[in-house]
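Worksheet: the structure to be examined is printed underneath.
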Amino acid sequence: MANTAKKSADGDASAAKTSQRNDSWLWVLTLLLAGAFVVAGLIGHQPWTQGEAYSEAAVGSIQETGDYVVPEVDGQPALASPPLYYITAAAVGKAAADYLPPQLLAADQAPRLATGLFLALTLLFTALFARAAWRSGDDVAVPAVGSVAVLVLIGTLGFVWFGHDMITDTALMAGMAMALYGLAMLTRKPLIAGLWLGTGAGIAFLSTGLFGPVVLLVAALLMPIIVLFHNFGRYLKGFLAALLFALPWLIIWPWLLYQRDPQLYEQFLFTNNIDLFREGFTLGTPQSQLQWLWVFLSMAFPAWLLAVLTLVLRPGALFGFAGVRAAVIVAVAGWALVVTNEATTAVHGLALLVPLAVIAAGGIQRLPRLFIWPVHWLSVVLFGGIAVALWGAWIWLLYQGSPPPVEGLDNYLPMDYGFHWQPAVYVTAAALTVIWLWLVMRARSSRPAGLLAWPAGVVMAWSLLALHQPWLNAAIDEGKLQKAVPAEVTELLPKAGGAATAAEAPGAAAAAPATTM
């Protein structure tokens, strides 16, 4: 019997070491993929959308005039959103210009680093939020849940499509991730949780206005009610601390705006926010609801699918984990507000991908093989085909010096383009391709590790597009190609007179006809 007990103890120790080793290499892989995703395609191109052009003009006005209170676009106050993103981009751009040579980073590209900063903050706090959300009462977290949440988010289509854009919603996304991390810890560490919840809510407010704080407030009020006010004293302490930490973000810039011009203050607070939200509630037509359904299913894929499966496989998670409860409430309340209020745009959904990714992360280990196997092979076929096509085009350009003679290609890309050598981008794309191939060959298609082929494939494909970025830039300059929001989304952007017109809305398509990317 003693020998049996000893063998059991040895077996547990061995399993723990194996689990720790697996968690370590998954963290290394996650850091590599996250870093590559943030950097690839971030700089080296002109504005892809009118939303980016609007942001670039607002940042330029701050750099020229030094006015951080009221940036301008075409001589008009840019009050569609508060100026946090524009201020950050101007400050980052100035710092980069002061310390980096122009050969390494052009002055007009430096402000784009702000998007990379907010992307990195989003991924960091997504991992922290996942670890806090899936931590049980005995303070034990689900293994590797932070890494998995980051990988799910990286592999979500809306995050890939909008994440690198120079728009205010990237700052909103970072603020929401930070606030959710605080919300998940309210009953465990009230003061620290209040710091992150209040700071995140403040960043969300100074990014796009009332949307983020309203969604977070709804979640904060509903969370204790669902569990019948369990630990209400600690919860209330954390909530009051959050209000205290949020006050500087909520008061200082509006007060400075009021001191500058009371009419501008009224325009921002009432015309562009309170009145617009109050008057904008509508269920719309059945056609618009179907469009919104398509936007959600496509933009949040595959995070929404994995989140639903997690709640099915772990039905007690909503009541057993406070952070999961917060994620569910924010996701449901946020998407409901996006769908039913004309003051919001589809791009606001970018911030709501974080709670979906965190919910999804808790159920990956429990997914049935019947689900994992087809997803693995779909990833292999899809991203393998993309890799073959993009590497094939690059090799053709390398040896022939001109684009491949593919029928119809001239409708989308210029055919007088020559080869451009980008050594750093090439090394990155090659390394990510090798990593993807290694994962495909090493990971068993029937085990949860087989799902890694999807996020690794997304990052590989994105890096390969960066390899062809000069060609894509030439196509955009000629008007043949444009990174535009799908038609279903542009139809759901606010009309003139709203918080942002279609021309101002982040991610909005340009008015000129062009083929979408």
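Derivation of every value follows stated rules applied to the coordinates shown; laboratory data play no part. All figures in this text were calculated on a predicted structure; none of them were measured in a lab. So basically every Cβ, Gly included, is an ideal-geometry build from the backbone, and we count neighbours across all protein chains shown.
Details
- Extension gain, Phe270 back to Thr340 (0.36 nm per residue minus Cα-Cα distance, nm): 23.3 nm
- Positive contributions from Lys and Arg (+1) and negative ones from Asp and Glu (-1), summed over other residues with Cβ under 11 Å from the Cβ of Leu350, come out at -2.
- Counted residue by residue at 0.36 nm each, then reduced by the alpha carbon distance between them, the extension gain from Val427 to Phe301 reaches 42.4 nm.
- Relative to one another, the C-alpha centroids of the stretch 60-118 and the stretch 358-422 are positioned 33 Å apart.
- Long-range HN-HN contacts of Asn341 with modeled amide H, under 5 Å: Thr282
- Mean Cβ neighbour count within 10 Å, used as a protection proxy, ranking 456-469, 409-422, 292-305, 266-279 highest first: 456-469, 292-305, 266-279, 409-422
- The label point for Arg442 and the one for Asn231, both projected 7 Å from the Cα toward the Cβ, are 3.7 nm apart.
- Net lengthening on full extension, Leu293/Tyr258 (0.36 nm per residue, minus Cα-Cα): 8.6 nm
- Across the chain, the relative contact order, built from alpha-carbon pairs under 8 Å that are at least six residues apart, equals 19 percent.
- For the stretch 113-366: rounded, prolate or oblate by the Cα gyration tensor [a/c cutoff 1.5]: oblate
- For the stretch 343-374, the residues whose backbone nitrogen is under 19 Å from a point 7 Å from the Cα of Leu313, taken along Cα to Cβ, are 355-374.
- Cα gyration tensor, the chain - rounded (a/c under 1.5), prolate or oblate: oblate
- 222 nm mean residue ellipticity, helices alone, for the chain (DSSP H n ≥ 4; -39,500 (n - 2.57); rounded to 500): -21000 deg cm²/dmol
- For the pair Leu240 and Val28, label points projected 7 Å from Cα toward Cβ lie 4.8 nm apart.
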